[in-house]
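Undergrad: One structure, pasted below without further comment.
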């Protein structure tokens, strides 16, 4: 590591710590030439970014900001904490990075977000699903609500067992 004070290329690491949930390594260093101390941060950089294959076949780089914007729009004025929305996007992005090498269908991204939203806030889930599935009638929305209601009953029945 090149010293920011004297530009020498000889240093020693005094302390290393993982930070930001293990995604970043913080190193405290001492220059052997001028004896001044400095801190460096190391982040893992992915060689290739994930590309989303849209329904029409076009490809776009994965954008967590776009996913977050969709989640925020679905949540609207619902009482969903911002940290929960960020965590949802983080979980979706990490799962996609683990499972797909280079390309992921947009359908998969949307389904992952919907599954997470279903557990986070049912109204936000319906809002997101209505955009994702492009419902054309109230009957289609009713069917989705019935599925959601049936799922809620299953959860309640399972809770009664414990």
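The values are calculated or read from the model by the stated rules, or taken from the named source; none is laboratory data. What you see is a predicted model, and the numbers here were worked out from it, not measured in a lab. Note: ideal-geometry Cβ built from the backbone for every residue, glycine included; neighbour counts use all protein chains shown.
Undergrad: Determine whether residue 142 is over 17 Å from the mean Cα position of the chain (by Cα) and at positive phi.
TA: For residue 142, the condition - over 17 Å from the mean Cα position of the chain (by Cα) and at positive phi - is not met.
Yes or no, residue by residue, for (1) within 22 Å of residue 127 (Cα to Cα); (2) more than 15 Å from the chain's Cα centre (by Cα); (3) surrounded by 13 or more Cβ atoms within 10 Å (Cβ to Cβ):
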| position | (1), (2), (3) |
| --- | --- |
| 29 | no, yes, yes |
| 49 | no, no, no |
| 65 | yes, no, no |
| 80 | yes, yes, yes |
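Undergrad: Could you tell me which of the residues 21, 57 is surrounded by fewer than 12 Cβ atoms within 10 Å (Cβ to Cβ) and modelled with pLDDT under 90?
TA: Every option except 21 fails the conditions.
Undergrad: Enumerate the helices (runs of 4 or more DSSP H) found wholly within the range 90-162, keeping only those where 3 or more residues are at pLDDT 90 or above.
TA: 106-120
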